[in-house]
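Before any comments, here is the structure.
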Amino acid sequence: MYFSPKDGSNQGFAALSTDGSFRFYMVNPLTGAARDAGACPDGRQVFDVALPLDQE
């Protein structure tokens, strides 16, 4: 979950496995709607996601 104090927005993130491959999703925490943000490299399992906190 990421909160931007600049504009007051929230954004959730998820790395999910489907049929043996991982994809990254952006999730709206208010509606639960997920938007596909792309595939992770083949053969790589995602354990964690880190985001820089000091973003402009």
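The values are calculated or read from the model by the stated rules, or taken from the named source; none is laboratory data. Since this is a predicted model, take the numbers as computed values, not measurements. Cβ sites come from the backbone with ideal geometry, for glycine too, and all protein chains shown count toward neighbours. We work out accessible area using only protein heavy atoms, side chains counted, and drop any ligands, DNA or RNA first. Shrake-Rupley method; radii C 1.70, N 1.55, O 1.52, S 1.80 Å.
Just a few scattered comments:
- Distant-in-sequence amide contacts of TYR2, defined by a placed amide H-H separation under 5 Å and a gap of 5 or more residues or a different chain, comprise GLN11, GLY12.
- Accessible surface of region 1-47 [probe 1.4 Å, protein heavy atoms]: carbon and sulfur percent: 53 percent
- Net charge of the neighbourhood of TYR25, taken over other residues with C-beta under 14 Å away and scored Lys/Arg +1, Asp/Glu -1, is +1.
- Among (1) 14, 13, 11; (2) 25, 10, 9; (3) 24, 14, 8, the entry derived from the coordinates for semi-axes √(5λ) of the Cα gyration tensor in Å: (3)
- Within a Gaussian network of the chain (alpha carbon springs, distance under 10 Å), most fluctuating of ARG44, ARG35, ARG23: ARG44
- Accessible area per residue in Å² at 1.4 Å probe, computed on the chain: 83 Å²
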